[in-house]
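This report concerns only the one structure given below.
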Amino acid sequence: MSDVKVYDVLPDAAAKAHINDKQYQAMYAHSISDPSDFWAQQARNFITWFKEWDKVQDWDYYTGKTRWFEGAKLNVSYNCLDRHLASRGDQVAIIWEGDDPKVDKKITYRQLYEQVCRFANVLKERGVKKGDRVCIYLPMIPEAAVAMLACARIGAVHSVVFGGFSPESLKDRILDSGCQVVITANEGLRGGRSVPLKANVDKALTSCPGIHTVIVVKHTQHQPTWQTGKDIWYHEEVAKVSTECPAEEMDAEDPLFILYTSGSTGKPKGVLHTSGGYILYTAMTHKYIFDYHDGDIYWCTADVGWVTGHSYIIYGPLANGAVTLMFEGVPTYPDASRFWQVVDKHQVNIFYTAPTAIRALMGKGNALVEQTSRKSLRILGSVGEPINPEAWEWYYHVVGEGRCPIVDTWWQTETGGILITPLPGATPLKPGSATRPFFGVVPAIVNNEGEVLEGEAEGNLVITRSWPSQMRTVFGDHQRFIDTYLKTYPGNYFTGDGARRDKDGYYWITGRVDDVLNVSGHRLGTAEVESALVLHEKVAEAAVVGYPHDIKGQGIYAYVTLMADVQPSEALRKELINLVRSEIGAIATPDIIQWAPGLPKTRSGKIMRRILRKIAANEISNLGDISTLADPGVVDNLIETRSNK
Ligand code: WTA
């Protein structure tokens, strides 16, 4: 594409930045020619180790062994808290902005340290030990950060479950990871409405006999159902214990957390991340990609229930002693100017959000942006899905007034941290491109046969060598890790994404090439939605695909075949939508349900999703070869009855 606009590095950004283009080139070359030396230097730079490693890296993309800094000892919470106390104990660590614009709170590093120590002591008193798994099902309140860091402090492995997931999803995650303790709140608040978190936990726990303790943060005045002995109030327990709790010495490869994410098949996988490599990589990427300088106010709008919240609200920023803003609410409450009002209120310098939010706010008009100052903003970030050039331009010119570089950061739950991204003072920008690899990252593009394509090319995105924050395994199922990520293109980590590389070596992520949906930046497996739909007794079969959606990026399009004697109806459509919501959560709500008397299948019975995707996208003039279908007439019927919603 020769007509792509290029935005040169802004002079102010270059002058201030930790890394300019020359430094990027030199550091990148070093990271590739001598990775062990490069990462050892960075590890000494960014992290406080109780003991140094025996070996920097030891990994093998055939057996799925991934080890970084083996033999080293550290504690992640120590790196996020204790080591900052002498120099910045009284500096703000977390600015919390409530759902209600009148409610906010600031917590210093010393206060956070004390809260974490207290809560770690509570966990210990309830019998939580190193290696135990702890489920966190909290709204976006500071206690979520406290709970994560308290687990890290005593070596417990947290599994944060997004507060928007249903009791059913929560139950699956608790059982898979074998948690014994759940940390929740009586209620969450989002956009002025309450979210019944404790009630959801109660429902989930009817089938989780292993849970002996539920620690409940009192966030609203609501009095939840209470089971004495099992349910305990957070505020009562932390008041009883000491503000001192030594940080457990952990091995670099000891697990830090499990985070469930959707794949193309089966139930969500527990992605396991470990300690040393993860905290090094998140700290380093946070500093260089957002060009974080001491005193900057940094705001990532993600939820801690997703990896972005883990790496770039909590771990990376706190390891760097940053001021990190945590926002409980939504971008449109009380009105669609909220983001920019919060930017002004707290003088935010670095702002990191998702394309779906940008598109939604763009649709509300410029006046809501322009009525705010935003003068404090210096850097803008994007994550979660490809950002379309139109949204990029709006973000750059309207929100950033052409003063702020945009870092379009490509990464995944599995990668732990950002892998492909511009650096604000180093990289000329092209709207819609995640640009170049971060230090130590070697992407490649392969065709479906696995042949590596050189130069300008489009195909499947793989990463050819390990980096410190790579996922180590699928919790409890190492074979699934190998099968999912390492088998498709042997010797490489397969991302599941497609990408194009242009003549300047820039990467353009084209989206998932597997059966994973990306709805408003949230990952969902088509198989998960289908499994929920077929639970209904009137449904014989269901096939779910994504289709282009103006705001969400992708919408959910479900083809549903009913049992022989059942008539479709509006009531049934609603029942099915509610079923998916209660099985997975509101994020999985189908946008369109099309009644399908039959689905296009091959003679061996395989559903041809390629055709269903085309019909959903209304690309019916170009269906490709349908001659291998068992009954080509099915396709005509689906086209005729296609929903035009
Ligand atoms: C997509 C979120 C294009 C991609 C951090 C990836 C992106 C999936 C970008 C991971 C980006 C994320 N440009 N696509 N800048 N960032 N993606 O695990 O398809 O929730 O595979 O991690 O989001 O989603 P996940």
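The values are calculated or read from the model by the stated rules, or taken from the named source; none is laboratory data. If you're wondering where the values come from, they're calculated on a predicted model, not measured in any experiment. Backbone-built Cβ (ideal geometry, glycine too); neighbour counts: all protein chains shown.
Specify the residue that is nearest to GLU449 (Cα to Cα); the eligible residues are those in segment 495-514 that are surrounded by fewer than 21 Cβ atoms within 10 Å (Cβ to Cβ) and more than 10 Å from the ligand (Cβ to nearest atom). Ranking the qualifying residues of segment 495-514, first place goes to ARG500. Set side by side, the residues ALA17, ALA43, ALA26 differ, and just one is over 25 Å from ASN75 (Cα atoms), hydrophobic (A, V, I, L, M, F, W, C) and surrounded by 17 or more Cβ atoms within 10 Å (Cβ to Cβ), which is ALA17. Filtering segment 463-494 to residues that are more than 13 Å from the ligand (Cβ to nearest atom), surrounded by 21 or more Cβ atoms within 10 Å (Cβ to Cβ) and without any contact (Cβ under 8 Å) to a residue 60 or more places away in the chain leaves only TYR489. Applying the condition of being within 16 Å of the ligand (Cβ to nearest atom) and of a type in the set (A, V, I, L, M) to segment 393-408 and asking which residue is farthest from SER262 (Cα to Cα) yields ILE406. For segment 478-586, which strands (runs of 3 or more DSSP E) that fit wholly inside it have 2 or more residues that are of a type in the set (Ser, Thr, Tyr)? Once the strands (runs of 3 or more DSSP E) in segment 478-586 are filtered for at least 2 residues that are of a type in the set (Ser, Thr, Tyr), what remains is 493-501, 507-512, 553-562. Of all the listed residues (VAL545, VAL519), the sole one being surrounded by 20 or more Cβ atoms within 10 Å (Cβ to Cβ), within 14 Å of the ligand (Cβ to nearest atom) and within 18 Å of SER262 (Cα to Cα) is VAL519. Number of residues in segment 365-392 that are more than 23 Å from the chain's Cα centre (by Cα) and either within 16 Å of the ligand (Cβ to nearest atom) or in contact (Cβ under 8 Å) with a residue 40 or more places away in the chain (or both): the value is 3. Being polar (S, T, N, Q), in the same structural domain as ILE611 (by the TED database) and within 27 Å of GLY496 (Cβ to Cβ) holds for only one residue in GLN567, GLN554, and it is GLN554.
Somewhere in segment 316-339, is a residue within 15 Å of the ligand (Cβ to nearest atom) and either farther than 24 Å from GLY440 by Cα or buried (at least 19 other Cβ atoms within 10 Å of the Cβ) (or both)? Among the residues of segment 316-339, at least one is within 15 Å of the ligand (Cβ to nearest atom) and either farther than 24 Å from GLY440 by Cα or buried (at least 19 other Cβ atoms within 10 Å of the Cβ) (or both), which makes the answer yes.
If you check THR526 against the conditions, is it within 12 Å of the ligand (Cβ to nearest atom) and touching a strand residue (DSSP E or B) at 6+ places or on another chain (Cβ under 8 Å)? No: the conditions fail for THR526.
Taking every residue in segment 508-527 that is under 24 Å from PRO443 (Cβ atoms) and pairing it with any residue that is acidic (Asp, Glu) and more than 7 Å from the ligand (Cβ to nearest atom), at least 6 positions away or on another chain, yields no pair with a Cβ-Cβ distance below 6 Å.
Selection of segment 249-278 for residues being buried (at least 24 other Cβ atoms within 10 Å of the Cβ), away from the ligand (no atom under 16 Å from the Cβ) and part of a strand (DSSP E or B) yields MET250, LEU256, THR274. Any residue at all in segment 68-78 that is in the same structural domain as ALA426 (by the TED database), surrounded by fewer than 20 Cβ atoms within 10 Å (Cβ to Cβ) and free of Cβ contacts under 8 Å to residues at least 24 places away in the same chain? No, that holds for no residue.
Across segment 22-60, the qualifying residues are those that are of a type in the set (A, V, I, L, M) and in contact with an Asp or Glu (Cβ under 9 Å, 6 or more places away or on another chain), and the one among them that is farthest from ILE289 (Cα to Cα) is VAL56. Among the residues of this structure, TRP68 counts as one that is closer than 28 Å to SER466 by Cβ and not in a helix (DSSP H, G or I).
Of everything in segment 224-238 that is in contact (Cβ under 8 Å) with a residue 24 or more places away in the chain and assigned to a helix (DSSP H, G or I), the residue that is surrounded by the most Cβ atoms within 10 Å (Cβ to Cβ) is TYR234.
The residue that is surrounded by the fewest Cβ atoms within 10 Å (Cβ to Cβ), among those in segment 406-452 that are among the small types (Gly, Ala, Ser) and touching a strand residue (DSSP E or B) at 6+ places or on another chain (Cβ under 6 Å), is ALA444. Against the conditions (1) within 12 Å of the ligand (Cβ to nearest atom); (2) in contact with a helix residue (DSSP H, G or I) (Cβ under 9 Å, 6 or more places away or on another chain); (3) outside the structural domain of ASN20 (by the TED database), ASN460 satisfies every one except (2). THR561 - would you say it is without any contact (Cβ under 8 Å) to a residue 60 or more places away in the chain and touching an Asp or Glu at 6+ places or on another chain (Cβ under 6 Å)? In short, yes.
Examine segment 409-424 for a residue that is away from the ligand (no atom under 13 Å from the Cβ) and of a type in the set (Phe, Trp, Tyr), and state whether such a residue exists. Scanning segment 409-424, I find no residue that is away from the ligand (no atom under 13 Å from the Cβ) and of a type in the set (Phe, Trp, Tyr), so the answer is no. Scan segment 513-522 for residues that are under 16 Å from GLY266 (Cβ atoms) and modelled with pLDDT under 95 and the total you get is 2. Restricting VAL216, VAL195, VAL128 to those that are within 20 Å of MET250 (Cβ to Cβ) and either of a type outside the set (Ser, Thr, Tyr) or crowded, with 18+ Cβ neighbours inside 10 Å (or both) reduces the list to VAL128. Of all residues in segment 279-310, those being within 16 Å of the ligand (Cβ to nearest atom) and either modelled with pLDDT under 95 or among the hydroxyl-bearing types (Ser, Thr, Tyr) (or both) number 5.
Okay, residues lined up against (1) without any contact (Cβ under 8 Å) to a residue 40 or more places away in the chain; (2) outside any loop (DSSP other than H, G, I, E, B):
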site	(1), (2)
LEU149	no, yes
LEU170	yes, yes
LEU175	yes, yes
CYS179	no, no
THR184	no, yes
SER194	yes, yes
